[in-house]
Amino acid sequence: MPEHREWYKLDLSAIVYPTLQRRDFSSVYRLSVLMKEEVDPDLLQQAIDQTMPRFPTYKAAMRRGLFWRYLEPNDRPGPFAEPDVKNPCQPMNFIKNNRYLIRFYYYHNRISLEAHHSLGDGTGGMCVLHTLIAEYLRLQGHTEIQNGGFVMDVNEKPDPGELEDAYMKYANSKICPPRPGEKTYRVRGTKEPFYTLNIIDGIMSTSEVIKAAKSYNASITEYLNAVLLYALVKKQSKEWHVRLKPVRIAMPVNLRRFFPSKTLRNFITMIYPGVDPRLGEYTFEEIVTQVHHYMRYYVNEKFLRADITTNARTQSHPLIRIVPLFLKDFVVRQFYTKVQDRNSSAGLTNMGALQVNESMRPYIERFDICMGQPFSSRTNCAIISFGDVLTINFASSIVEADVERYFFRKLVKDGIHVKIESNREIPDEEMI
């Protein structure tokens with residue numbers, strides 16, 4: 001009898017990412033851990049080989065059907081640990097790299113995981129990375145490392161809940177809220193050569209950021225959203241425009257906070273905090289207040305359930321189901337280019353305060369997160385904290401770094417000490 005091979009239909013979010021794939025847009029994110037000791041490449045490869053079979057939706061290849069794409073098990077050799085590259089999150093060809101949509105890199109004491117968003121979101125990727133770190137430490141002889149939290153037992157079978165499309169399970173609202181439709185301010189700049197991704201990291205004290213946020217009666221997420229909006233508003237005010245445009249941020253919300261799902265696939269939805277400079281000049285305090293009340297109004301179980309129901313109903317429509325894949329791709333690509341991508345001026349994702357098993361903590365210095373090249377000429381911002389180290393990463397494909405400079409200068413003005421790291425040469429006049 002032939003062996004039964006499981007296959008997985010792409011989840012509701014994952015459907016979009018392969019459709020938008022192009023040579024200068026990658027749909028790839030990076031999660032990194034800085035260990036306290038130099039990485040051993042051979043041990044890292046052993047850890048990868050022992051970890052990947054535990055995550056069948058990550059040890060998978062993308063296949064194209066007549067109506068939908070899907071993931072199937074990938075038993076080819078790999079993925080392989082490689083020396084790190086200067087420009088991370090490069091586009092993934094669905095055929096190359098033995099069809100793997102996940103990559104691993106090392107550089108001195110850094111281990112990095114890059115994954116295509118079709119496989120899962122940052123929470124799923126973080127489970128893979130934490131489990132890999134645990135296996136790597138055990139191979140080093142640290143037998144006290146325990147499972148739990150993000151660390152999975154590599155010897156047990158996946159829980160069926162880890163593999164589910166949680167969107168379809170919880171998309172059962174009776175109404176669907178309207179989407180933001182007005183075009184927003186877009187950052188313009190000099191495009192870098194292909195494929196150049198400019199990375200600017202700001203490393204700071206978590207306690208200092210908390211103190212600054214509390215001074216405005218805001219959470220860390222609200223405060224940093226407001227700082228990014230402030231930077232974008234300032235950038236627009238310095239440019240010549242026939243008329244001002246609204247400034248909005250595309251921010252993913254982890255739906256696992258509101259729905260009891262174990263899925264390691266995508267389970268996020270987008271919200272769009274923003275301000276409209278056409279209404280008048282905003283002080284920073286007013287921006288913080290605007291973001292604070294927006295979050296309180298929209299980030300709740302009822303609204304988020306209604307939001308994901310909108311997408312689910314579109315996918316499950318009988319006419320959509322029978323349309324050939326190439327037509328679906330064309331329509332989705334046109335909609336995203338002309339409507340969806342113009343709904344926001346920048347992207348911001350916050351992984352929050354990362355918790356690790358106490359047995360692993362002595363061997364880890366910090367974590368980093370990086371989003372891939374934006375679909376259009378804007379910047380993506382990613383935030384993560386571990387203990388008292390908070391890292392803010394900006395990734396863009398344009399030469400100018402005005403938004404990043406306004407952002408970090410505002411943090412410094414609010415009493416936060418910032419250390420800058422980058423993969424580019426930053427002129428002295430651009431330094432904080």
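Excluding same-chain neighbours fewer than eight residues apart, the aspartates and glutamates reachable from K96 by a Cα-Cα span under 16 Å are E72, D75, E82, E114.
Based on DSSP H assignment, which helices of the chain show an axial Cα extent of at least 18 Å together with a mean Kyte-Doolittle hydropathy greater than or equal to -0.5? Before the final figure, lay out each step's value.
Details: long enough: 122-139 (25 Å, 0.83); 220-237 (25 Å, 0.52); 284-298 (21 Å, -0.56); 301-316 (22 Å, -0.94); 325-338 (20 Å, 0.22).
Long hydrophobic helices here: 122-139, 220-237, 325-338.
Phi angles of region 97-108 translate, via the Karplus equation with coefficients 6.51, -1.76, 1.60 and θ = phi - 60°, into HN-Hα couplings of 6, 6, 6, 6, 10, 9, 10, 10, 10, 9, 7, 6 Hz per residue; Gly and Pro are given as x. Among C127, C89, C176, the ranking by other beta carbons within 10 Å of each residue's beta carbon, starting with the fewest, stands as C176, C127, C89.
What ranking do E365, E222 get, fewest neighbouring Cβ atoms within 10 angstrom at the top?
E365, E222
Cβ-to-Cβ counts within 10 Å put I420, I48 in ascending order as I420, I48, the fewest first.
Could you give the size of the charge dipole of the chain about its Cα centre, using +1 on the Cβ of each K and R and -1 on the Cβ of each D and E, expressed in debye and rounded to the nearest 20? Don't jump to the answer; show the numbers that get you there.
Values: 57 positive and 50 negative charges, 422 e Å.
Computed charge dipole of the chain: roughly 2020 debye.
Computed extension length for R243-R63: 60.2 nm, one decimal, from 0.36 nm per residue of separation with the Cα-Cα distance subtracted.
Taking a ≥ b ≥ c as the square roots of the eigenvalues of the Cα gyration tensor, an a/c ratio of 1.5 or more together with a/b no larger than b/c marks region 1-102 as oblate.
Pairs spanning more than 19 Å between alpha-carbon atoms, out of K235/K413; K211/K413; K191/K234; K9/K59: K191/K234. Quick one: which residues, 5 or more positions from T57 or on another chain, have an amide H under 5 Å from its amide H? H modelled 1.01 Å from N in the peptide plane, none for Pro or chain starts. Sorted by chain and number, the residues that satisfy this come to none at all.
Given the rule -39500 (n - 2.57) for each run of at least 4 DSSP H residues, summed and divided by the residues of the chain, what is its mean residue ellipticity at 222 nm, to the nearest 500 deg cm²/dmol?
On the way: 11 runs with 129 residues, N = 432.
Counting only the DSSP helices, I get -9000 deg cm²/dmol.
With the cut-off at 1.5 for a/c, could you classify the chain from its C-alpha gyration tensor as rounded, prolate or oblate? Note, shape of the chain comes out oblate.
The numbers here are math on the coordinates, done by the rules we state, and not lab data. Only a predicted model underlies this, so the values are computations on that prediction, with no experimental measurement involved. Note: ideal-geometry Cβ built from the backbone for every residue, glycine included; neighbour counts use all protein chains shown.
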